[in-house]
Amino acid sequence: MKQHPAWLAAGLLVFVVLACNLSKSTNSNSNSNSSSSTASDQGSGAFIKEIHMAKDDGSGSPGDETQSFAPGDRTIHCVATLKEAKAGTQMKFAWWIVDAEGSKNQKIKEIDYTTRPLENVVHGHLTLPQDWPAGKYKCEVSVNGNVDKTVNYVVE
């Protein structure tokens, strides 16, 4: 009996394609189940491994991690740890009032940043010259033009 290598190769190719397609659908389902978003860490998380808010350490750098700030905490930091350090990653920190003293769903400011080589921890900060109004806020962090993670915080 004569074997046909072309048929064997075609069969293997079909097998590989089917295996890859099954793997993709399994991964997307497991990602949607495992990404049950919490109030403090929402988004796809495709690029950002971890995100948190931090108080100012007194020298303009992020200090203690927190989700609650006092009105007198004039500078508020958002710290994002990327899954991969890659130069040229476009990041945007968008600061929002969710609900604070009569204002709702209002963008405060956006801060753009481009990462340098080997940089995987990036922080944006926002400073207000007077006390912050009490209420709920959020910071959306976009990577390469897409919102990747959102972290909520309060001023009380």
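The values are calculated or read from the model by the stated rules, or taken from the named source; none is laboratory data. Computed from a prediction, not measured in an experiment: that's the story for all the values here. Methodologically, a virtual Cβ is constructed for each residue, glycine included, from the backbone with ideal geometry; neighbour enumeration extends over all protein chains shown. Note: areas computed on protein heavy atoms with side chains; ligands, DNA, RNA excluded. Shrake-Rupley method; radii C 1.70, N 1.55, O 1.52, S 1.80 Å.
Can you list residues from other chains, or at least 5 along the same chain, whose modelled amide H is less than 5 Å from the amide H of D73?
W132
Select from P133, W96, T115 the residue farthest towards the positive end of the dipole of region 80-156; place +1 on Cβ of Lys and Arg, -1 on Cβ of Asp and Glu, and compute about the Cα centre.
T115
Rounded to the nearest whole Å², what accessible area per residue is found for region 69-125 with the 1.4 Å probe?
56 Å²
Can you work out the base-10 log of I(q)/I(0) for region 65-156 at q = 0.18, 0.19 1/Å, using the Debye formula on its C-alpha atoms alone?
-0.78, -0.86
Could you look at region 107-151 and say what percent of its accessible area is carbon and sulfur, using a 1.4 Å probe and all protein chains?
Carbon and sulfur: 51 percent of the exposed surface of region 107-151.
Check cross-link reach from K86 to the aspartates and glutamates: straight Cα distance under 12 Å, and skip same-chain residues fewer than eight apart.
Straight-distance partners of K86: E119.
How much length would be gained if the chain were fully extended between T114 and D57, taking 0.36 nm per residue of separation minus their Cα-Cα distance, in nm to one decimal?
Here the segment from T114 to D57 would lengthen by 18.2 nm.
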